[in-house]
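Here, each number is a calculation from the coordinates, and none is a lab measurement. Please read these numbers as outputs of a predicted model, since none were measured by experiment. In this analysis, Cβ positions are derived from the backbone assuming ideal geometry, glycine residues included, and neighbour counts consider all displayed protein chains.
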Amino acid sequence: MKKLILIFIAAVFIGCSSTGVQVTFDDEKSNAIKAAYDGYLANDYSWAETLYSPDIAVHINNVDAIDLDANVAGLASHHELFSNISMSHPSGGDAFVQTTNYNDDTGIWSNAWFIWKGTGKVTGVTIEVPCHVAYQWNDEGQITQTWLFSDQAPLLAEVNAAQAVAE
Amino acid sequence: MKKIILIFITSLFIGCSPTGVQVTFDDENSNTIREHLQHYVDGDIDSMMSIIADDAEIYINSQESVSASDVRAIHELEHSIFNGISTSWSQEEGGNDIGAWVESTNYPAGPANEPASVTQAWFTWNGTSSSTGDSLSIPVHVVYSWNNENQVQTIYQFFDSINATAVIEASLAATSE
């Protein structure tokens, strides 16, 4: 009987990741981010105050962070500058989102990879920007910091063109 | 007796990741990438590039790849322009700087994908132009995909190039004057 218990205890540890890290894809947090992306594509940000912690730190390719309101304003500005905005996986389908529970002080992070695509309303140029976003969750189930990694140069070209037209 | 067996079988499944994805930190691939990054910081581009397959595809903020030789030239240019190149990463602001967060992930085969072995790095790239004195700190994410010969076959780099391009152009202009 004791041997049997030992065998099963061993099986529990052998069968699991030795680091205790769990990666999931179709979980509540990953799906919440995908739903937020659907909202963004519809220029709807009603998800933001629920999904984001009030004191969220949003890092847009920068070690210095902006707050929730500035982030939403920035996202909305995409729709002023671009039409036909989409976010897709390079091999097709929606953005790829996974959630990693480190089961230690690192906490829970969701990571997304996608190709952001849009057509400039001034230039008519369609740009495709590979993007990665990392989201850290707090114990209350809200996102407390995000980090965007992507090249803003193609977007800046459209911003400059729009400003030139406005002047 | 049957109940005990049932409990342990249940615990087996509850205690494990249902996706079969394995994440490791102190494994060979992760440590190789840490060395790779350190070689880059040290300006030892030959050692840095030694783990990259000759026919590697390297995607720098783009869906079109460049070659390993192109990337070698880019890194050599960076070291000719910037002093004090370093990478930094800490869990929280002001926390212990470990240089870069590096982890490796093995994805099992799925209905629509082959098994994959990747190592990922997150860090802030730091450097100061030796000619203009401009300092840069740029968040960077890199995904390394391994082939069966334990070489990096594909690299995906994500970062904002705007400030780096501006400083590089200003530095080249300053040195040509």
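Legend: calculated FRET efficiency, B:Asn150 to B:Asp42, from the Cβ-Cβ distance at R0 = 25 Å, rounded to 0.05, equals 0.70. A Förster distance of 22 Å, applied to the separation of the beta-carbon atoms of B:Asn83 and A:Leu156, puts the FRET efficiency at 0.25. Here the spin labels are modelled as points 7 Å beyond Cα on the Cα-Cβ line, and at A:Asn103 and B:Arg72 they lie 4.4 nm apart. Its Cα gyration tensor gives the protein assembly as shown an equivalent ellipsoid, and the semi-axes of that ellipsoid, as √(5λ) in whole Å with the largest first, are 37, 27, 19. In this rough spin-label picture, where each label sits 7 Å from Cα along the Cβ direction, the A:Gln142-B:Thr175 distance is 4.8 nm. Here the convex hull built on the C-alpha positions of chain A has a volume of 143 cubic angstrom per residue.
A Förster radius of 41 Å combined with the Cβ-Cβ distance from B:Asp97 to A:Ser83 puts the calculated FRET efficiency at roughly 0.45.
Quotient of the Cα radius of gyration of region B:66-155 and 2.2 N^0.38 Å, N being its number of residues: 1.35. Summing Lys, Arg as +1 and Asp, Glu as -1, what charge do residues with Cβ under 12 Å from the Cβ of A:Lys34 carry, A:Lys34 excluded? With Lys, Arg at +1 and Asp, Glu at -1, the net is -4.
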